[in-house]
Each structure stands twice: as structure tokens, then as C-alpha cells.
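First comes the structure, then the notes that go with it.
The values are calculated or read from the model by the stated rules, or taken from the named source; none is laboratory data. Values in this document were obtained by computation on a predicted structure and should not be read as measured data. Note: ideal-geometry Cβ built from the backbone for every residue, glycine included; neighbour counts use all protein chains shown. Calculation scope for accessible area: heavy atoms of the full protein, side chains included, ligands and nucleic acids excluded. Shrake-Rupley method; radii C 1.70, N 1.55, O 1.52, S 1.80 Å.
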Amino acid sequence: MDIPAAVAATRPYRVGFVLIDGFPLLSYASAMEPLRACNLLAGQTLYELQHLAIEGESSYSSSGAHVSATMPLDESAELDLVLVMAGGDPSAIDSPVLNRWLRLQAGRPVLVGGVSGGPMILARAGIMEGRRMTVHWEHAQALAQVSSKLIIERSLYVRDRDRLTCAGGTAALDMMHALITEQHGPVLAGEISEWFVQTDIRPAELAQRATIAERYGVDNGAVLLSIEAMENHLADPLELSQLASLADLGARQLNRLFQQQLGTSVVQFYRQLRLQKANELLKSTPWSVENIALATGFANGAHLSRRFTQFHGLSPRSVRRGEAGGQGAAEWTGKR
């Protein structure tokens, strides 16, 4: 889901924290505090923060701290981002009211997310099928039992179109850094990270893989920032102009840097990332080629099949049959 920067110029970006009793206070603070700091450092209300409880006038954390609800959990809620916070045993949470409300939000132009055990609740509400997602490691096994159609990644956070999931803890700081960077640029996001003495921003997939710099052998900040944005937008690819704007460069400048550091253009590199993800999904899921095309930002199955065969040297059907050969036999890690 592409969030236009123009939103901030017209009104605050409305974020609703749905706090389930027993929610982890660290995860909540790591997600909420960067937004509060953003308002403070920007000198204006860029983010409007609301708190919602399933029932009653407040929610309590696992440590006993109470947070008062500021908005009812009903159809009148108008939000841009919903984040469900849960800890303890989220598989035991079965609220028909919450499930209906989440399905309602999922049908609106709203970014719906979960933190720590929150992704489990999203999955049980039936709004995560066909989306890549993550969850805190202690809930991963239980989450896998919810549906065979879930694609669970062991990452710090995952953004797939209009869904945003996070493993919790301090990973929420990294997730919010990426969100603020996308909406308000790297300078303000960097100031907020320094405010919290967060001098090393972790990429979304750090839990499973090495850093972006190590994986691709690059050291330029603009290139690293662009690759991180690409990895967060595989299903809904950003335009070259959007990537250049995030890196605070012109499109030609960004292309030159990619050619110097990676030996390919921005657009070609982005397409290769998406084709790699398609290859992973073909091998690890029962999804149809059409569904994989949707999850990796291709127009349809035929479009994906054509590009996939050109790059990997094998058709998606051949990969499904376990045939070897072509460039798909090894992950792309640098210049071709």
C-alpha cells in the first residue's frame, strides 16, 4: 500500500493502537514513541494517536500498566493505520466483535497491522491469507496451525501491500523508522532514531538474513535505503521517482549509483528482487502462479511467467516440478 506523502500536508496520519489486555509494554512503546517524537521534532502533529480497547475504558499491559481508550471500537473509527498489540497467548483471543471490526478495516483503504502476538489475531480474523507476514518467534508454531495458506517469515517486520506485521520488542522501532522514512524522509527519521539512541537501524529481514550491505556488497546510503524500501514493497512496487525521492536524489543520480554499486539499473534490480521472492514462494507454498504474481507485484500469472523464465531460465511450472538449471539455481547476490 503506497502511502502518499501529501497526507501529512493536509491532515495528521491517524494511527489506532488496539491494545489487547496483557499486551507487551515494550512493543507498544517501541511503536508509539517514534510517532510521538516525530510530532515533537517536527513541531506539528504529523501523527494523531488513538487507543482502542475491545471492551471497557482501558487496557492493561503484561506489567499492569493501564492505557485509557480514546476511541471506541466501532464502525465510525476513521484511521489510516491500525496496529493490534497482543502478548501472552494470542491464540486464546477470540472476540467476534474484534474480528468483525478488523475485517471491516481490511475492506477499507487502511494499513492493518499487528505487533508481537497481534499478527496471530489478524490471521484468526481471516485477513492475512495471501499476505506475507511475521510474528514473535514464540507464537510462530501456533500461527502455522491457523491456516495452511499463511506465508510466515522469520523477519523483524514484514510489509505486504495493506498489511504490516512485526515480531515485537524493539523491532517495532525499526518498523516505525521505515514508515516515517517513507512518509517524511530519511532526515527526520534519522533525527528520531538518534533521539532514541538507535544508531543502527536494522533491515526488515535481519532475523533471517545478513544486512543489506553484506548481502549485496554495497556501502552507499542512498542505495541501501532504496533496497530497504524495495524489500518493503514487493507486492506494490514503488516508482523510480518515489525511490529517488526517498533517497533525496534525482532518478538519474540514483540509477548511476546502482550501476556503480550493483552493475544494474534501479528498475532491473527491483524486478530481480521480486522474481527471487516469486521463486521462494513457488518452492515453499502451494499458491497458484496467479496468486504469486499478485504477491510479487506482477500484473498477472502470464506476466510473471514471462519475466520469471527470462531471468531464471526455467518456467514457474518447471520450478514446481523440481527441475534444475538456469539462473534460478542460485540466489542473485551481486553483479550479473
*Contact order normalised by residue count of region 114-268, Cα under 8 Å, 6+ apart, percent*: 18 percent
*Over 26 Å [Cα-Cα, region 1-140], rounded percent*: 20 percent
*Report, largest value first, the span of the C-alpha coordinates of region 140-242 along each principal axis, in whole Å.*
41, 31, 27
*Using alpha carbon centroids, what distance separates region 40-86 and region 244-307, in Å?*
35 Å
*Quick one: longest stretch of the chain between exposed loop GluC sites (Glu not before Pro), exposed meaning at most 15 other C-beta atoms within 10 Å and loop per DSSP?*
130-238
*Please name whichever of Ala178, Pro72, Leu83 sits farthest to the positive end of the charge dipole of the chain, dipole taken about the Cα centre and charges placed at Cβ: Lys and Arg +1, Asp and Glu -1.*
Ala178
_Mean accessible surface per residue for the chain, computed with a 1.4 Å probe while every protein chain stays in place, in Å²_ = 43 Å²
*State to the nearest 20 debye the size of the charge dipole of the chain about its Cα centre, where the only charges are +1 on K and R beta carbons and -1 on D and E beta carbons.*
1540 debye
_I want the antiparallel fraction of DSSP beta bridges within region 1-157, as a percent rounded to 5._
15 percent
*Based on Cβ point charges of +1 for Lys and Arg and -1 for Asp and Glu, what charge dipole magnitude is obtained for region 12-140 about its Cα centre, in debye rounded to the nearest 20?*
380 debye
*Carbon plus sulfur fraction of accessible area for the chain, probe 1.4 Å, in percent*: 50 percent
*Where Lys and Arg each count +1 and Asp and Glu each count -1, what net charge lies around Pro12 among other residues with Cβ under 11 Å from its Cβ?*
0
_Binned Cα-Cα distances of region 174-288, short to long, each 10 Å bin given as a whole percent_ = 13, 44, 33, 9, 1
*Relative to the compact-globule scaling 2.2 N^0.38 Å, provide the ratio for the alpha-carbon radius of gyration of region 128-195.*
1.26
*Helix-derived [θ] at 222 nm for the chain: sum -39500 (n - 2.57) over DSSP H runs of at least 4, divide by residue count, nearest 500?*
-13000 deg cm²/dmol
*Report the semi-axes of the equivalent ellipsoid for the chain in whole Å, largest first, where each axis is √(5λ) for an eigenvalue λ of the Cα gyration tensor.*
33, 25, 17
